[in-house]
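Values in this text are rule-based calculations from the coordinates and carry no lab data. Predicted model only: the values in this text are computed from it and were never measured. Neighbour counts are summed over all protein chains in view; Cβ atoms, including those assigned to glycine, are modelled from backbone coordinates with ideal geometry.
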Amino acid sequence: MKKILSMAGLWVAAAVTAACSTPASHFYTLSQTSAGNATAVASNVTVMVGPVSIPAIVDVPEIVVSTGPNQVRQDEFNRWASPLANNITRVVVGDLVSLLGTPHVSAVQDAVELKPDYQVAIAVQTFESAPGTSATLGAIWTVRRTRDDKAESGRTDVSESAGEKGYDALVAAHSRALGRLSQDIADRIRSMERSTP
């Protein structure tokens, strides 16, 4: 009986030790980087962002990192704090508010009563993460002017240096890449506004 109790005690101790040695998960969120133009005239243009699609390979809670030319790995202990497509949408909305000088920018899922002047659809085709190296973004986007249904498309391809090896630097690089995407979209909206009949 003593032997059984001793073995049970060892099992419990081993389980506790294993639980204590498991690395803690870290959760990350993308952030708005566009500060806008201090001399820009405030605007009342309304913009709806969405849908935003992302590649299936990165549509998971874990941050997917490149480990070689044809290899990736899901990092179990470094994760997105919210679904990546929602995270990207939120950042683009915030960037466009700043870049266009208007408070009237929202995501499709949040725009219950909004009748937008422009609708922005984004198809992210590349979202690659190489810690300590770079964050790469490739996206096709379409801006549609709702009053006459005129649509113009563009493509943004950007690679931002991650600098340091940590995930904080990698996520910051992704945020800067999204800032470049938002800038391209904002420039197109301004151009379409100037050509409004």
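Note on Ala123 and Asp110: the extension gain reaches 2.8 nm, defined as 0.36 nm multiplied by sequence separation minus the Cα-Cα distance.
Close amide H contacts of Tyr28 (hydrogens built in the peptide plane, cut-off under 5 Å, sequence separation of 5 or more or a different chain): Arg79, Trp80, Ala81.
Each peptide among 175-186, 97-108, 158-169 gets the average number of other Cβ atoms lying within 10 Å of its residues, and from highest to lowest they stand as 175-186, 97-108, 158-169. Residues whose amide H comes within less than 5 Å of that of Ser134, counting only those at least five positions distant or on another chain, are Ala162 (H built at 1.01 Å from N in the peptide plane). Residues whose amide H lies under 5 Å from that of Thr102, counting only those 5 or more places away or on a different chain, are Ser43; hydrogens are built 1.01 Å from N in the peptide plane. DSSP beta bridges confined to region 26-194 are antiparallel in about 75 percent of cases.
Of the three principal axes defined by the Cα atoms of region 26-194, the extents in descending order read 47, 31, 25 Å.
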